[in-house]
1. Given R₀ = 25 Å, FRET efficiency for residue 54-residue 8 by Cβ-Cβ distance, to 0.05?
2. Enter the per residue convex hull volume of the chain, computed from alpha-carbon coordinates, in Å³ rounded to the nearest integer.
3. Say R0 is 22 Å: what FRET efficiency, to the nearest 0.05, do residue 35 and residue 15 get from their beta-carbon distance?
4. When the helices in the chain are scored as -39500 (n - 2.57) per DSSP H run of 4 or longer and the sum is shared across all residues, what 222 nm value do you end up with, to the nearest 500 deg cm²/dmol?
5. Restricting to Cα pairs below 8 Å that are 6+ residues apart, what does the relative contact order work out to for the chain? Please round to a whole percent.
6. With axes computed from alpha carbons, what is the tilt in degrees of helix 43-52 against the longest principal axis of the chain, rounded to the nearest 10 within 0 to 90?
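What follows draws every value from the coordinates through simple rules; no lab data is involved. From a predicted model like this one, the values you see are computed outputs, not experimental measurements. Cβ coordinates were reconstructed from backbone atoms using ideal geometry, including for glycine residues, and neighbour counts include every protein chain displayed.
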């Protein structure tokens, strides 16, 4: 089973504030798991978000 991270840990891992992460959740910009009232993230979800938002440079 994958480890589940609460919002405060995921925010630290992404180097953002908790309020920014809650805004992304509300805007559905990032995947999450909801168990009861808890919002949780897996490593895979956080890595997918990073991959989707990675900007690459052009190689000439």
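1. According to the calculation, E is roughly 0.55.
2. 95 Å³
3. My answer for the efficiency is 0.30.
4. Dividing the helical sum by the residues of the chain leaves -12500 deg cm²/dmol.
5. 36 percent
6. Rounded to the nearest ten degrees, it is 30.
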